[in-house]
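Since the structure comes first, as structure tokens, the remarks are kept for the end.
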Amino acid sequence: MVSPMPHPRDPDEPKIFFLPNLMTACNLACGFFAVLMIFKGQIEVQKVSGDGVLAAKQYYAVSREYYQYAILLIFGSCLFDLLDGRLARLGGQESPFGQEFDSLADIISFGMAPAMLLSRAVLFPLGNVGWAVALIYLVCGAMRLARFNCLASMPKKPGASSDFRGIPIPMAAGFIASLTFLIIDLYKNDHEVGPWKYVLASVMLFLSWLMISDVRYPSFKTVDWKTRGSLTTIVLALVLIFVTIRFRYYMPVFLFSSYLLYGFIRPWISQRLRKEIEDFSDPPATAKPDEPEGL
């Protein structure tokens, strides 16, 4: 029996590079399981019935566990989203397919998952208002990704900036996730967090606007595997990692808040200081053109 001849590959078929798209798939998987943990947590807490202090403690213990899983999975999505862009640029494997796949994964991991987390954990007492706030965040996140894809498909101008327009959606998601978990930990509750539910609703609306705004944020794309650093930089990075792990409830909020505020104070920082902050080292001999968004 003669085996059928393989069909010739269509030259217009999009290129699918294994490692970068594997990282994007892991990003999407983390986002999926984060949403799943939120729903599973709600199912489990419904099994805790009764009144009194014991029931309240059991409720918090169950809900906190699943919220923690969801938040860690969102942070995992941030890590995989960072890796897919770095691997693609390192191997020269950027492709339209990877860019579109990355955006589709991001809307789940950094759009749907944080929106579900906040609406179920903190904004639930606000009823339909809480759902509306989460929906606005999700829509603005999708619009931000769509705008980026449109800009990325346009011809690059010589000397064009690689800055992000609007805060990247992973940073917005990380800020929401870290702040939500800190507040839940402080109150030892999720639905009863006092006036913080109004603060978080306002923050979510502010982030929604910031994602589609023209506020410029550094992409840090010049920082890659070939970036040179000093011993001082390495020691400071290790200290930062240790402090973040030691104060894991507070440091993520501080780090994401710092990036958020940096976009507003950046225009008033001198070019030299800005370059030191964003490049971490001497610039390479040749400048790279703009590349697809990794965040």
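Derivation of every value follows stated rules applied to the coordinates shown; laboratory data play no part. Just so it is clear, the structure is predicted and the values come from calculations on it, not from any experiment. Here the Cβ positions follow ideal geometry from the backbone for every residue, glycine too, while neighbour counts run over all protein chains shown.
Once you have the Cα-Cα distance between Ile265 and Leu19, take 0.36 nm times their residue separation minus that, and quote the gain in nm to one decimal.
Working: separation 246, 0.36 × 246 = 88.56 nm, distance 3.65 nm.
Contour length minus Cα-Cα distance gives 84.9 nm.
Would you mind ranking Ser208, Ser77, Ser257 by Cβ crowding within 10 Å, fewest neighbours first? Can you show the working numbers first?
On the way: Ser208 22, Ser77 29, Ser257 13.
Lowest count first: Ser257, Ser208, Ser77.
Give the order of Val203, Val235 when sorted by the count of other beta carbons within 10 angstrom, beginning with the fewest. Intermediate values should be presented prior to the final figure.
Working: Val203 20, Val235 10.
The fewest-first ordering by Cβ neighbours comes to Val235, Val203.
Kirkwood hydrodynamic radius, region 70-190, all distinct C-alpha pairs: what's the number in Å? Please list the in-between numbers first.
Values: mean 1/r = 0.0636 Å⁻¹.
When all Cα pairs of region 70-190 are included, the Kirkwood radius is 15.7 Å.
If each residue's Cβ is checked for other Cβ atoms within 10 Å, how do Arg216, Arg246 rank with the fewest at the top? Write out the running numbers ahead of the final one.
Working: Arg216 16, Arg246 9.
Listed from fewest to most nearby Cβ atoms, that is Arg246, Arg216.
In region 136-173, which trypsin sites (Lys or Arg not before Pro) fall in coil by DSSP and have 15 or fewer other Cβ atoms within 10 Å?
Values: sites: Arg144, Arg147, Lys156, Arg165; in loops: Lys156.
Those that pass, being in a loop and sparsely packed, are Lys156.
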